[in-house]
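This report concerns only the one structure given below.
The values are calculated or read from the model by the stated rules, or taken from the named source; none is laboratory data. Because the structure is a prediction, the values reported are computed rather than measured. Here the Cβ is made from the backbone with ideal geometry for all residues, glycine too, and neighbour counts use every protein chain on show.
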Amino acid sequence: MNNIRSTIATVWRISAPYFRSEDKLAGRTLLAAVIAIELSLVAIDVLLNQWRGRFYNYLQVRDWAGFVWELGVFTFLATLNVALSIYQLYLNQWLQIRWRRWMTSRYLGEWMDKANHYRMQLQGDAADNPDQRISDDVKMFVDQTLGISVGLLSSIVSLASFIVILWGLSAESPLTLFGNTFHIPGYLVWGALIYAVFGTALTQWIGSPLVNLSFEQQRYEADFRFNLVRVRENSEQIALLKGESAERHRLSERFGRVVENWYAIMSRTKRLTAFTSSYSQAAVIFPFILVAPAYFADKIQLGGLLQTASAFGSVQSALSFFISIYRSLAEWRSVVARLDGFEMSINSATRLAAGTDSIDVVPLAKGNEIDLEKLLVRLPNGTPLVSANSFNLHGNERTLVTGPSGAGKSTLFRAIAGIWPFGGGSIAIPAKATLMMLPQRPYFPIGSLQASIAYPAEADAYSADQIRDVLIAVGLPKLASQLGVEAHWNRMLSLGEQQRLGLARALLFAPQYLFLDEATASLDEASEAALYRLLQEKLPATTIVSIGHRSTLEAFHQRNVELVRDGDQFALRDKDKSAASS
């Protein structure tokens, strides 16, 4: 019971925001229309049940006029049923796509808000497959939530309607056993109730493991798909290392988990299907067993017998709602759990950035320096990594940051960019300053070359002539004629060419602060020197901070700072001061 209440509370928390959103009028109207049509369909079922009794009675007494009239009644009810069913499906699908569009937009916004997606990975949530949550799980949640909730409402209304009918039929066709008549008020209702409770209890007992199995299946499928994508994205390195055998083994191992869990689902589903199919087949004949003695004792007519069987079936079907949808219910609960986990991960990442144990990145009202005050950058596990106190990165100055591998140079850049939350202290950045970070491997979205270079601005933010000029300037004149070509540029170009494109992007953007994290490491020294001279020439007002290991870079920087060991962490110090102290 606690699990049911928890699931309902979670579903309400996930669902309610849409019906209070800016699209609430359309959402509520469509939902009301779907519910109204469903109630109308239940009313038609009640009318058809009553029609069934009259129709078969006319057949039994060979009343032609009554038979023809009831055919007309049936035609009208059937036509109305078909029309309502068509529009219910149409409106239901319309509501689904609007609801899904709103949820997708919301999740995308929260996931991509202020580097939440990156912090979620830092917290170990990368395996949670946000792509699956936003694409597959949102679709399944909307579809199944509507289907289950409308189906439950229909079952409740049907139950209330047909219990009244069945109670009355119980009086008209009293229980007859071995020639004796027993007047038990509503005995057909009690029979349907006992039958449904028995079936529901057994279904829950047999099928409850399917909830966890469905959850695990989705997780294993997502993990397998994620690793397939990883292989595709790193195919060159795998081929160079001749790692096909190792990758095949790793992928087979992950797919083995998919298969093993699927076998468990198959086994449990076989048991559940064996019971539910037997239960459904027995439900067809069970009401006839109860009512047939009264029919053969000539206490009711054929129409009454069939009407009773139909009403009993409707009551039993409504009471057995959870039996008929148990497999869908198990999948739905696992979808709810995954979306709940996704929301918790987003909230955790948001709290992490705003927490008291995080690095504060604050605007600096005056000056053009970046001030690091009592800064302590930590690893996600809390281990101290980099410290800096009263340290300034001066404006209009080129600074080279050096230090041993693993000292935290790149992590320091991430902290300055405001995406690394682990640590304490503050980083003050001029309020209206523009920053640009260029990593060793720049990112280019799939699309036209012009859009890839202009990213994150729109493709038309810069003219084609501007982009051609910077391509020629960074040594890529052969690409100047391919601005409209759409491709996966991270695969099409060598890492050295990608780094040149990254610098072309920097020339276009012309930031006030440019951070180069080994952004030219894949180029030869002569090319690297030429590009640094280009940056000095084209971006004279830009403050450049570089991470690099080549000694030749010192000639292009006015200041050299390094990370030196200071106890269990590294401290940021000017190189000449570090040398003097040692």
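Answer yes if at least one residue in segment 454-474 is closer than 13 Å to L493 by Cα and either modelled with pLDDT of 90 or more or charged (D, E, K, R) (or both), and no otherwise. For segment 454-474, residues closer than 13 Å to L493 by Cα and either modelled with pLDDT of 90 or more or charged (D, E, K, R) (or both): absent.
Could you tell me whether any residue of segment 30-37 is crowded, with 18+ Cβ neighbours inside 10 Å and under 21 Å from F162 (Cα atoms)? Looking through segment 30-37, at least one residue is crowded, with 18+ Cβ neighbours inside 10 Å and under 21 Å from F162 (Cα atoms).
The single condition among (1) over 30 Å from T104 (Cβ atoms); (2) at pLDDT below 90; (3) of a type in the set (A, V, I, L, M) that V361 does not satisfy is (1). Among the residues of segment 18-29, the one identified as among the hydrophobic types (A, V, I, L, M, F, W, C) and either touching a residue at least 60 places away in the same chain (Cβ under 8 Å) or surrounded by 17 or more Cβ atoms within 10 Å (Cβ to Cβ) (or both) is A26.
Only one entry of A464, A506, A451 meets the criterion of being buried (at least 19 other Cβ atoms within 10 Å of the Cβ) and touching a helix residue (DSSP H, G or I) at 6+ places or on another chain (Cβ under 7 Å), and that entry is A451.
The listed residues are R5, R52, and the only one of them that is part of a helix (DSSP H, G or I), without any contact (Cβ under 8 Å) to a residue 40 or more places away in the chain and within 28 Å of A160 (Cβ to Cβ) turns out to be R5.
Just wondering, is there one or more residues in segment 33-47 that are free of Cβ contacts under 8 Å to residues at least 40 places away in the same chain and more than 30 Å from W99 (Cα to Cα)? Looking through segment 33-47, at least one residue is free of Cβ contacts under 8 Å to residues at least 40 places away in the same chain and more than 30 Å from W99 (Cα to Cα). Say whether the condition of being in contact (Cβ under 8 Å) with a residue 60 or more places away in the chain, surrounded by 14 or more Cβ atoms within 10 Å (Cβ to Cβ) and of a type outside the set (S, T, Y) is met by at least one residue in segment 66-86. No, every residue in segment 66-86 fails to be in contact (Cβ under 8 Å) with a residue 60 or more places away in the chain, surrounded by 14 or more Cβ atoms within 10 Å (Cβ to Cβ) and of a type outside the set (S, T, Y).
Is there any pair with a first residue in segment 214-225 that is in a helix (DSSP H, G or I) and at pLDDT 85 or above and a second that is surrounded by fewer than 19 Cβ atoms within 10 Å (Cβ to Cβ) and of a type in the set (F, W, Y) whose Cβ atoms are under 8 Å apart and which are 6 or more apart or on different chains, and what are they? Pairs that qualify, where the first residue is in a helix (DSSP H, G or I) and at pLDDT 85 or above and the partner is surrounded by fewer than 19 Cβ atoms within 10 Å (Cβ to Cβ) and of a type in the set (F, W, Y), are Q217/W262; F224/F255. Among the residues examined, E247 qualifies as among the charged types (D, E, K, R), at pLDDT 85 or above and buried (at least 16 other Cβ atoms within 10 Å of the Cβ).
Based on what the data block shows, is S267 within 18 Å of L202 (Cα to Cα) and at pLDDT 75 or above? Yes. Any residue at all in segment 27-36 that is more than 30 Å from the chain's Cα centre (by Cα) and in a helix (DSSP H, G or I)? Checked against the condition, which is being more than 30 Å from the chain's Cα centre (by Cα) and in a helix (DSSP H, G or I), segment 27-36 yields at least one hit. Per the listing S390, S410, the residue uniquely farther than 17 Å from P511 by Cβ, modelled with pLDDT of 90 or more and either in the same structural domain as A487 (by TED's automatic domain parsing) or out of contact with any helix residue (DSSP H, G or I) (no Cβ under 8 Å at 6 or more places or on another chain) (or both) is S410. Please name all residue pairs, on different chains or six or more residues apart, with Cβ atoms under 7 Å, provided the first residue is in segment 340-363 and is outside any strand (DSSP E or B) and the second residue is among the basic types (K, R). What qualifies is F342/R133; A349/R119; L352/R119; A353/K114; A353/R119. Could you check, for segment 502-525, whether at least one of its residues is assigned by TED's automatic domain parsing to the domain that holds L572, more than 41 Å from the chain's Cα centre (by Cα) and either in a helix (DSSP H, G or I) or not β-branched (V, I, T) (or both)? Within segment 502-525 (the criterion being assigned by TED's automatic domain parsing to the domain that holds L572, more than 41 Å from the chain's Cα centre (by Cα) and either in a helix (DSSP H, G or I) or not β-branched (V, I, T) (or both)), the answer is yes, since at least one residue qualifies.
Mind telling me which of the residues G382, G403 ends up being in contact with a Phe, Trp or Tyr (Cβ under 7 Å, 6 or more places away or on another chain) and on the phi > 0 side of the Ramachandran plot? Going through G382, G403 in turn, just one is in contact with a Phe, Trp or Tyr (Cβ under 7 Å, 6 or more places away or on another chain) and on the phi > 0 side of the Ramachandran plot: G403.
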